[in-house]
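Step one of this worksheet: look at the structure below.
Readers should treat all values here as calculations from the given coordinates under stated rules, not as data from a laboratory. Note that this is a predicted model, so its numbers are computed, not measured. Note that we place each Cβ from the backbone using ideal geometry, even for glycine, and neighbour counts take in every protein chain shown.
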């Protein structure tokens with residue numbers, strides 16, 4: 001019987017395009033000879049949320065036995081916490097549904113693949129927790145020092161978090177500035193402040 005696979009993609013902001021994720025997964029499904037049951041996409045939804053419109057529809061299709069495999073471009077598209085990831089993978093396993101993370105070459109049809117998924121998720125969450133702690137500490141430090149800037153800061157903690165995420169996705173400083181509605185100089189200063197570096201140490205686009 002030909003495997004029916006559900007493809008899941010997610011982007012954090014409405015202006016991002018999931019086409020790269022979808023095209024890569026479609027090519028992999030074709031290579032394996034699988035039939036794409038449907039493609040589920042969450043636009044502008046944080047991965048920290050366990051409930052998302054497209055993800056909820058995918059899970060319903062999986063529970064009803066419509067698919068035998070679920071594929072994502074990267075596992076953090078599915079879940080941003082180890083707790084959520086384990087819950088999802090356990091439900092897939094209980095329903096005999098494979099989980100494939102394309103770019104990380106993880107396939108839960110094998111014991112090693114399942115173990116690697118858990119290890120990578122734990123490392124990713126640790127990295128995010130460390131970044132969050134640095135952001136919070138950096139914001140507090142920047143607020144204490146903002147009087148030395150000659151005027152009150154115009155950026156917020158959320159601006160800094162979003163800028164860091166966008167930069168990690170390869171966005172240019174101009175794109176980050178447009179997304180946060182702040183001048184390039186301001187958002188670079190914000191990222192530098194929360195990262196405990198000076199603006200001159202922040203990498204150029």
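Work out how much length residue 2 to residue 57 would gain on full extension: take 0.36 nm times their residue separation and subtract the Cα-Cα distance, in nm to one decimal.
Between residue 2 and residue 57, full extension yields 17.6 nm more.
Among 170, 113, 138, the largest mean-square fluctuation in a Gaussian network model of the chain (Cα springs under 10 Å) belongs to 170.
In segment 4-109, Cα pairs under 8 Å separated by at least six residues give a relative contact order of 31 percent. Between 59, 178, 25, the GNM of the chain built on Cα springs shorter than 10 angstrom shows 178 fluctuating the most. Only helices enter the 222 nm calculation for the chain: every DSSP H run of n ≥ 4 contributes -39,500 (n - 2.57), and dividing by all residues gives -17000 deg cm²/dmol, rounded to 500. Taking 0.36 nm per residue of sequence separation and removing the Cα-Cα distance, the residue 184/residue 127 pair yields an extension gain of 17.9 nm. For the pair residue 94 and residue 64, label points projected 7 Å from Cα toward Cβ lie 1.9 nm apart.
The angle between the Cα long axis of helix 53-63 and the longest principal axis of the Cα atoms of the chain comes to about 20 degrees, rounded to the nearest 10. Principal semi-axes of the equivalent ellipsoid, √(5λ) from the alpha carbon gyration tensor of segment 1-142, are 27, 17, 14 Å from largest down. Within the listed set 81, 101, 110, the Gaussian network model of the chain (springs between alpha-carbon atoms below 10 Å) gives the highest mean-square fluctuation for 110. For the modelled label position 7 Å from the Cα of residue 158 along Cα-to-Cβ, which residues of segment 49-93 have backbone nitrogen atoms closer than 11 Å? Residues passing the 11 Å test: none. Look at the alpha carbon pairs under 8 Å that are at least 6 residues apart: their mean separation over the length of the chain gives a relative contact order of 15 percent. If both residues of a DSSP beta bridge must be in the chain, then about 10% of such bridges are antiparallel. Of the three principal axes defined by the Cα atoms of segment 43-83, the extents in descending order read 26, 20, 18 Å.
Length gained on full extension, residue 13 to residue 174: 56.4 nm, using 0.36 nm per residue less the C-alpha separation.
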